[in-house]
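The structure appears right after this line, and notes come after that.
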Amino acid sequence: MATTPEHVKCLIIGAGPAGYTAAVYAARANLSPVLYTGKEPGGQLMITTDVENFPGYPDGIMGPEMMEDFRKQAERFGTEVRYELIEKVDFTGPVHKAWTESGHEIQADSIIIATGASAKWIGLESEQTLMNKGVSACAVCDGFFFRGKEVAVVGGGDTAAEEATYLSKLCPKVHLLVRRDEMRASKIMQERVSNTPNIEVHWNTEPREILGGDHVTGVRVWNKVTRQESVIPVEGFFVAIGHKPNTDIFMGWLDMEDSGYLITQPGSTRTNIPGVFASGDAQDHVYRQAVTAAGTGCMAALDAERYLVEKGIV
């Protein structure tokens, strides 16, 4: 049974640092934002333990606890947070439409997208059981915890090369596991890897199992050329095979890169559809940090407010 469409001034889709920050700014601007969390309220930080690089937390904070702080602050100013998924949109008219998984229709004068991106994983069972016990998908976020320890990075693109190079400044040895006989990374990144003495590249090497109990102790690998299995002792395992932006529902409506990242107009969060703004990791494949996501969430709320003022809606 269809429900009566609901009209809102500002709809925020996604609940990571970008979504919650957008909500704080939108609420303080009296836009009465309604925020839908989606399947992962809090985004990737919900699977992150210690966060030590976000300003304002001098002693660090657990990722889920930080997202709880963000949520409370957004709600304090009047944001309505709803724990449901937006699964369809229609951007044909001046008033944008969105539908929840239960079929509820929302008509919004402005929409802020903060659906984030999800790390791609190899698919090993041990990858999940040792998550946050030495397995990570972000060297910049977690590399500090592995200072002075040997680590492994899996991947062959720019992300893997960047992660390995970053970790080489913290760790005595970085094992870069490349599953093919060549890297897909740009030439300059490949040169950086080859010119870094404490990065050892393992070609044609496929991780079979991450070893450990309370923490990572090694990785069992398979060499596709020698057909031999071996164990590399490491205390950290970084998966760097890319991210997938959570933007599928916007296909056909919004301009996006081949990889699915939303394209915004330079110096703003505006998309190709007036009144629709994109923030956070759904449009950022370069920095992918909580603090930069929060910054673009702020920008999106300010852009949305200006748009609604120009339209005479607020």
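Throughout, read-outs are computed from the coordinates displayed, never taken from laboratory work. All values derive from a computational prediction rather than experimental measurement. No Cβ is skipped: glycine too gets one built from the backbone with ideal geometry, and neighbour counts run over all protein chains shown.
Computed packing ranks the peptides 234-241, 130-137, 15-22 as 15-22, 234-241, 130-137, most packed first, by mean other Cβ atoms within 10 Å. Normalised Debye scattering of the stretch 131-243 at q = 0.09, 0.13, 0.14 Å⁻¹ gives log10 I(q)/I(0) of -0.19, -0.41, -0.48, counting only Cα atoms as equal scatterers and leaving out solvent.
The Cα atoms of the chain define a convex hull whose projected area, averaged across directions, is 17.8 nm². Computed from Cα atoms alone, the Kirkwood hydrodynamic radius reported for the stretch 230-281 is 13.5 Å.
Working ranking of peptides 191-200, 164-173 by packing, defined as the average number of other Cβ atoms within 10 Å per residue, highest first, is 164-173, 191-200. Relative contact order of the stretch 121-239, taken over Cα pairs closer than 8 Å and 6 or more residues apart, is 31 percent. Based on DSSP H runs of at least 4 residues, each adding -39500 (n - 2.57), what is the mean residue ellipticity at 222 nm of the chain after dividing by all its residues, to the nearest 500 deg cm²/dmol? Mean residue ellipticity at 222 nm (helix-derived): -7000 deg cm²/dmol.
Across every direction, the projection of the convex hull enclosing the Cα atoms of the stretch 1-141 has a mean area of 10.6 nm². Against the chain, whose longest principal axis comes from its Cα atoms, helix 158-168 is set at around 60 degrees. Note on the stretch 107-187: lysine pairs with Cα distance below 24 Å, sequence gap of 8 or more or different chains, count 9.
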